[in-house]
Amino acid sequence: MKRFTFLITAILFLIVSAMPAVAQDAPKSAPMQMYHVAMVKHGPKWQSQNSQEGMDNRMEVIANIKKAAKKGLVVSAGLVNDETDVEFIVIFNLKNKYEALDIMEMAPNVKNGMYKVDLYSWFAPTGLVVGGK
């Protein structure tokens, strides 16, 4: 169990460290921008990641987050490693929260009830980008 948890944490650390959110060349009085933060939580059909199906579902979510990041839709994302029902946090760089909600609700593991999403709008400095480029 501990090895399994360590392996998952290590994999997600590598993913998150490849996608840090940084403000690029932001002056002290940088304008603010709205981002949208998705809290991906255990849904009604959630299964422990100790099962193979649960692990496959988690890896599918990670793959989808990577695809969205490559398209410039995601600023940063990562696994929550505590005792809550929140599994992932995803920060979107989109015009409105409905675009982010549409993306999350189209995810197979949200559709099938494995996960559910709470979405929040968040002001942060303009220019947060994946990898600081």
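No lab work stands behind these numbers, since they all come straight from the coordinates. Here the structure is a predicted model, which is why all the values come from computation and not from measurement. Here the Cβ is made from the backbone with ideal geometry for all residues, glycine too, and neighbour counts use every protein chain on show.
Miscellaneous remarks
- The loop-placed trypsin sites (Lys or Arg not before Pro) in the stretch 68-102, going by DSSP, that have at most 10 neighbouring Cβ atoms within 10 Å of their Cβ come out as K71, K95.
- The trypsin sites (Lys or Arg not before Pro) of the stretch 34-64 that meet both conditions, a loop assignment by DSSP and at most 12 other Cβ atoms within 10 Å of the site Cβ, are K45.
- Subset of K70/K111; K45/K97; K70/K95 violating a 20 Å alpha-carbon distance limit: K70/K111; K45/K97
- Local charge for G43 was computed over the other residues whose Cβ lies under 15 Å away, with Lys and Arg +1 and Asp and Glu -1, and equals -1.
- GluC sites (Glu not before Pro) within the stretch 34-133, DSSP loop, no more than 13 other Cβ atoms inside 10 Å: E83
- Taking a Cβ cut-off of under 13 Å around I65, the surrounding Lys, Arg, Asp and Glu residues balance to a net charge of +3, with basic ones at +1 and acidic ones at -1.
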